[in-house]
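A quick write-up on the structure given underneath.
The values are calculated or read from the model by the stated rules, or taken from the named source; none is laboratory data. Source: prediction; values computed, not measured. Quick reminder, even Gly has a Cβ in these numbers, built from the backbone with ideal geometry, and neighbours come from all protein chains shown. We work out accessible area using only protein heavy atoms, side chains counted, and drop any ligands, DNA or RNA first. Shrake-Rupley method; radii C 1.70, N 1.55, O 1.52, S 1.80 Å.
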Amino acid sequence: MSQSLRAPLLFAFVAVLFILEGTTSAWIFSGSWNTSLGILNMALISAIMALGVNLQWGYAGLFNVGIMGFVALGGLATVLVSLPPTPGTWTAGGGPRIVLALLLGAATVVAAVLIQSRLPKGRVRALGTLTILVGGFFLYRWAFDGGVSVVEAINPANAGNIGGLNPGGVDGFRDWGVITLLAWPLGGVLAAGAAWVIGKTALGLRSDYLAIATLGIAEIIISVMKNEDWLARGVKNVIGLPRPVPYEIDLQNSASFVERAASFGLDATTASTIYVKLAYMVLFTVVLLVLLWLAERALKSPWGRMMRAIRDNETAAEAMGKDVTARHLQIFILGSAICGIAGAMMTTLDSQLTPGAYQPLRFTFLIWVMVIIGGSGNNLGSILGAFLIWWLWVQVEPMGLWLSQVLTSGLAEDNWFRVAMADSAAHMRLFTMGIALLLVLRFSPRGLIPEK
Amino acid sequence: MDFLNGLVTLANFVLIPATSYGAQLALGALGVTLIYGILRFSNFAHGDTMAFGTTITILLTWWFQSMGISFGVLPTALLALPFGIAATGLLLVGTDRVVYRFYRRKKAAPVILVIVSVGVMFIMNGIVRFIIGVSDQNFADGERFIISARDFKDMTGLAEGLALRTTQVLTVVVAVIVVAVLFWFLNKTRTGKSMRAFSDNEDLALLSGINPERVVMVTWLIVAGLATVAGVLYGLDKSFKPFTYFQLLLPIFASAVVGGLGNPLGAIAGGFVVAFSEVTVTYAWKKVLTYWLPDSLAPDGLVQLMSTDYKFAVSFAILIIVLLFKPTGLFKGQSV
Amino acid sequence: MTEPFLIGDMMTGGYGRGPDILHECTISVNPGEIAVIVGPNGAGKSTAMKAIFGMLNVRSGSVRLAGEDITALSPQDRVIRGMGFVPQVRNIFPSMTVEENLEMGAFIRRDDIRETMEQVYHLFPILKDKRRQAAGELSGGQRQQVAVGRALMTKPKLLMLDEPTAGVSPIVMDELFDRIIEVSRTGIPILMVEQNARQALEIADRGYVLVQGRNAHTGTGKELLNDPEVRRSFLGG
């Protein structure tokens, strides 16, 4: 198969998988367009994450295993933008006090850094830094605890959080769903901020250290989101976020929509769910295409060539006067920001934020499998990997169930082996992903669509 | 009296738990640091290796229990432990043959090996789920306490109790024995010295006639022992849940980096630094301070620096501080 | 003429699949002798030594040790045949003690190594004082002694040194040369590559001047030192 045909054929193969999912209920397929589009929308979001990871790994050789954290920050942005401010947050002295606390915290860190960099090394500097850090911490906790207790006391059953920026207010915020789109870039900004902190510390050291540091920041972001109830209700979850596309129920109540659906031979319920999914699909595809275009432009620009030169030979690039660490920081922030955007989009699609649902195997390592299998260094490859692996991730369970049924078809319904096989089908996913990753790394390390 | 009561409280809630947790982290970090020293990559599958070893040990423990075999006051799991280690050793050596050796021969970059270890992590995680599922498993038996809080109060007449669990003492005793044997092995035996030589200067070790494949195999076997012991002790002390073991990666990596990657002594020190920081920062000091301070200064709040949910943040903060100020770790690690 | 103890005969070759660096280069040494390879930067001095030690592809020509053709053997196998090699850099185990370094040098031996260790301590008394210290903490000159001592632990029939005096002070260099002469007096043939051509040729029984991977001048150390052309082009007059 020639190189030029390879990518279109692989994409066509993936397209067939999705079409089969929508049209036939044979084998593992469901025969439902609703399901097919559901898988596709998540695949599009995964493709954006894979683009971000490919930027870091494929262009620059950076190993980031904190993708989950950046994705979660994007989700947080969606909540902070799309919810209306909780009444009382900003009047009863809760919100302002939290803001004050965060400013105090930031000021403490800045002061400590200034002392470290301005004063000569010695006892004065060490004592000064310690005093500022300890004093700053207690000031921060004093302001913060007070603010938090006020905010969390407001209607704790339904709110207890600061809410967001939605101008529609508690009664009308659903009409302002379009504001959610603003959360997408903001999610990127939040992720970029976290990436800057991590990159500043861990880049320029051994590659393993970046991996360990990103693994840590992701866990911490998730524990902040689980425990800071004032921020986004923690494990109490935020549900019913407004969204930029129409609600199914509104469509079903619209006479003109029902009429249009009937003209296609569809009942109103099915048509409305498919319509909503298609609307999301269009939005996501636009974002994906824009990011892909930007990423391709960047790759072909002098900047992209320099990045790859650095990746291929860091020492030589450094000898030519390139500031390797600064370039790495740049691309690390950009890639993480893209993951943040994707995270915000995902929370928009779900209309809810459930911090407990963020699992590193699903949101970090699975994305890695997508990039490696698709072809690191090749944007199209990463996108293909995302489609294919996400499809596989969803379908491995039915496939495993099917396989176990075939293997044990001769046995009685309650045979222990048959029961055990059926149970273990649920655990097939991780195992399959690991095998797929190792096989590709070993026998086709450049992936399905290799870098040009 | 107040002072003693405060001290007992401190021992009960900080010193004893942190010591046993520190010993568990140290054993885990020793495994990570050995792999780093010999095979030169950070093994992301280490948490799941611990989970695998523990899983096998748990299965055998249940089997022994069902056959009526017990270890008296000690947990039956100790009897099953050697078999768990053997199974893990087989798995690791097999994994090396099938997976890692190929990249070693190719002299692949460390980051590739890290990614490969991520693939291995997925598979091991899958195997553990196949075998034992994802839920919490409790397999501790035998005598629960050496001293219970009530006995201690009766004995001493103090208001505060001090509970000393069997698993805590067992953790420390086993860890001391394991570490002593490991250091004797590394410093006194021919094979142990050849491992250190290999870790120090691979090319020169090859020139000196040291067989790299043998060094690597012995390393995996030792790592299997360390990981299984660490996993079983942690599981006895707390409980076994596969996902918790994956999450242990972070404090374990933090311990190894803090001590200096590749330095066994550092891994032990790092384990205790991380454990003690985690416990002291997340402990509510109100009770201890109420005993120790005059009444006028007694604190109103819990005096808890951070909620226990942020224990990972503590390992992470330590990690960042070390990376910022001393990237080679407290003890000299191998490289930046 | 009888066959020398060690000879790299008409060696042509380079690293991996790269271009040839050596061209029909011949180097040999006999028991009791010190042979020195000198030449300008990039002349292929270290490469010639590595070719003899089996660390690069010899495409034509051969390497023979005591009459046996060892061209196809790996460096490890050559160590077993009795070749001791001291690399230019990274030639010790820094975190291990001096004594452990020596033990590791004798790793392939299964017999009693204590006597050899005493001999090494006799040659390098300072190492005996520091034997419990980590080798990485020693000074540059002492580290080179550890490196040479480590290579001697296999009781080699031949010792090869790649720029043993690189990066040490002139006083330490003189001391190191004295030690090397002492080792040579025990009967072990020594082949070394040296940057400090004049001092090295002074102690050399046999000298090779390489230029662009070819033998340019060959002779005893004294002959080369007195050769006007060698003096003009390499020794600065």
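Rolling a 1.4 angstrom probe over the protein chains, ignoring ligands and nucleic acids, what is the accessible area of A:T285 in square angstrom, nearest 10?
40
DSSP beta bridges in the protein assembly as shown, what fraction antiparallel, as a percent rounded to 5?
Approximately 65 percent, going by the DSSP bridge assignments.
Can you give me the long-range amide H partners of A:G204? Hydrogens built in the peptide plane at 1.01 Å from N, cutoff under 5 Å, separation of 5 or more residues or another chain.
none
Peptide B:209-221: average number of partner chain Cβ atoms within 10 Å per residue?
1
So for region C:89-237: antiparallel DSSP bridges make up what percent, rounded to the nearest 5?
Antiparallel bridges: around 60 percent, rounded to the nearest 5.
Note the direction-averaged projected area, equal to a quarter of the hull surface, for the Cα convex hull of chain A, in nm².
Averaged projected area of chain A's Cα convex hull equals 28.3 nm².
Average partner chain C-beta neighbours within 10 Å, per residue of A:197-205?
The shielding value for this peptide is 3.
What's the percent breakdown of Cα-Cα distances in chain C across 10 Å bins, shortest bin first?
Reading upward from the zero bin: 8, 33, 36, 19, 3, 0.
Could you give the nm distance between label points at A:R260 and A:A309, where each point is 7 Å from its Cα heading toward the beta carbon?
That separation, rounded to one decimal, is 5.3 nm.
When only DSSP loop residues count, what trypsin sites (Lys or Arg not before Pro) in region A:96-130 have their Cβ near at most 10 other Cβ atoms within 10 Å?
Details: sites: A:R97, A:R118, A:K121, A:R123, A:R125; in loops: A:K121.
Sites meeting the loop and neighbour criteria: A:K121.
Hey, got the average number of other protein chain Cβ atoms within 10 angstrom for residues in A:364-375?
Whole-number average of other-chain Cβ neighbours for A:364-375 is 2.
Expressed in nm², what is the orientationally averaged projection area of the convex hull enclosing the Cα positions of region A:88-153?
With the hull built on Cα positions only, its mean projection is 4.1 nm².
Scan around C:G207 for amide H atoms under 5 Å from its own, H built in the peptide plane at 1.01 Å from N, and keep only partners 5 or more places away or cross-chain.
The answer is C:V36, C:G219, C:T220, C:G221.
Per q in 0.16, 0.18, 0.19 Å⁻¹, report the Debye log10 I(q)/I(0) for region A:350-452, using one uniform scatterer on each alpha carbon and no solvent.
Taken in order of the listed q values, log10 I(q)/I(0) reads -0.78, -0.89, -0.93.
Past 27 Å, Cα to Cα, is the threshold; run A:K236/B:K311; B:K153/B:K286; B:K241/B:K311; B:K287/B:K326 against it and keep the listed order.
B:K287/B:K326
About the Cα centre of the protein assembly as shown, how large is the charge dipole given +1 on each Lys and Arg Cβ and -1 on each Asp and Glu Cβ? Please answer in debye to the nearest 20.
1280
If every alpha-carbon in region B:2-325 counts as one equal scatterer, what log10 I(q)/I(0) does Debye give at q = 0.06, 0.08, 0.09, 0.16 1/Å?
Rounded to two decimals, the profile gives -0.23, -0.40, -0.50, -1.36.
So what's the net charge close to A:R327: Lys and Arg +1, Asp and Glu -1, counting the other residues with Cβ under 15 Å from its Cβ?
Within the 15 Å Cβ shell, the charges total +1.
Take the alpha carbon atoms of region A:96-125, find their center, do the same for region A:309-387, and report the distance between the two centers in whole angstrom.
First find each Cα centre; the distance between them is then 32 Å.
If the cut-off is 23 Å between C-alpha atoms, which lysines fall inside it for A:K452, apart from same-chain ones fewer than 8 positions away?
Counting by Cα, and skipping residues close in sequence, A:K452 has these lysines nearby: A:K300, B:K106.
Mind giving me the nanometre distance, one decimal, between the label points for B:F3 and C:E182, set 7 Å out from Cα along Cα→Cβ?
My value for the distance between the label points is 6.2 nm.
So which DSSP H runs in chain B come out at 24 Å plus along the axis (Cα) with average Kyte-Doolittle of at least -0.5?
Details: long enough: B:16-39 (34 Å, 1.35); B:46-66 (30 Å, 0.42); B:77-95 (25 Å, 1.96); B:110-132 (32 Å, 2.36); B:166-188 (32 Å, 1.95); B:212-237 (37 Å, 1.32); B:264-282 (27 Å, 1.45).
TM-like helix candidates: B:16-39, B:46-66, B:77-95, B:110-132, B:166-188, B:212-237, B:264-282.
Which value in deg cm²/dmol, rounded to the nearest 500, describes the helix-derived mean residue ellipticity at 222 nm for chain B, given -39,500 (n - 2.57) per DSSP H run of n ≥ 4 and division by the residue count?
-22500 deg cm²/dmol
Distance between the C-alpha centers of region B:226-281 and region B:46-113? Whole Å please.
17
Take each complete run of DSSP H in chain A, measure how far its Cα atoms stretch along the helix's own axis, and keep only those covering 20 Å or more with mean Kyte-Doolittle hydropathy at least 0.5; list them.
Details: long enough: A:3-23 (30 Å, 1.46); A:33-54 (30 Å, 1.25); A:67-82 (23 Å, 2.13); A:95-118 (34 Å, 1.56); A:123-153 (45 Å, 0.89); A:180-202 (33 Å, 1.24); A:207-227 (31 Å, 1.10); A:268-300 (47 Å, 1.42); A:324-350 (39 Å, 1.15); A:379-407 (39 Å, 1.13); A:428-443 (22 Å, 1.80).
Those that clear 20 Å and a mean of 0.5 are A:3-23, A:33-54, A:67-82, A:95-118, A:123-153, A:180-202, A:207-227, A:268-300, A:324-350, A:379-407, A:428-443.
Taking 0.36 nm per residue of separation and subtracting the Cα-Cα distance, what length does fully extending B:S70 through B:F325 add? Don't jump to the answer; show the numbers that get you there.
Values: separation 255, 0.36 × 255 = 91.80 nm, distance 5.00 nm.
Result: 86.8 nm gained on full extension.
Normalised by the number of residues in region A:1-146, what is the relative contact order in percent for Cα pairs under 8 Å and 6+ residues apart? Intermediate results must be reported in sequence, preceding the final value.
Numbers: 76 pairs, mean separation 20.7, N = 146.
Relative contact order comes out at 14 percent.
What per residue convex hull volume, in Å³, comes out for region C:22-65 when only alpha-carbon positions are used?
In region C:22-65, the Cα hull volume divided by residue count equals 79 Å³.
So what is the relative contact order of region B:25-138, in percent, for Cα pairs below 8 Å that sit 6 or more residues apart?
Answer for region B:25-138 is 37 percent.
Semi-axes of the equivalent ellipsoid of region B:201-252: what are they in whole Å, largest first, if each equals the square root of 5 times a C-alpha gyration tensor eigenvalue?
34, 11, 7
Running Debye on region A:259-334 with equal point scatterers at the Cα sites and no solvent, what base-10 log of I(q)/I(0) appears at q = 0.16 Å⁻¹?
Listed by q, the Debye log ratios stand at -0.70.
Can you tell me, using C-alpha contacts under 8 Å and at least 6 residues apart, the relative contact order of chain A as a whole percent? Can you show the working numbers first?
Values: 708 pairs, mean separation 128.1, N = 452.
Answer for chain A is 28 percent.
Given A:K200/A:K322; C:K50/C:K157; B:K238/B:K332, which pairs have Cα atoms separated by over 21 Å?
B:K238/B:K332
Can you give the Kirkwood hydrodynamic radius of region C:137-232 from its Cα pairs, in Å with one decimal?
About 14.3 Å, per the Kirkwood formula over Cα pairs.
For the protein assembly as shown, what are Rg and Dmax over the alpha carbons, in angstrom?
33.7, 111
Just from the alpha-carbon atoms, what are the Rg and Dmax of region C:28-94 in angstroms?
Both quantities, over Cα of region C:28-94: 12.8, 38 Å.
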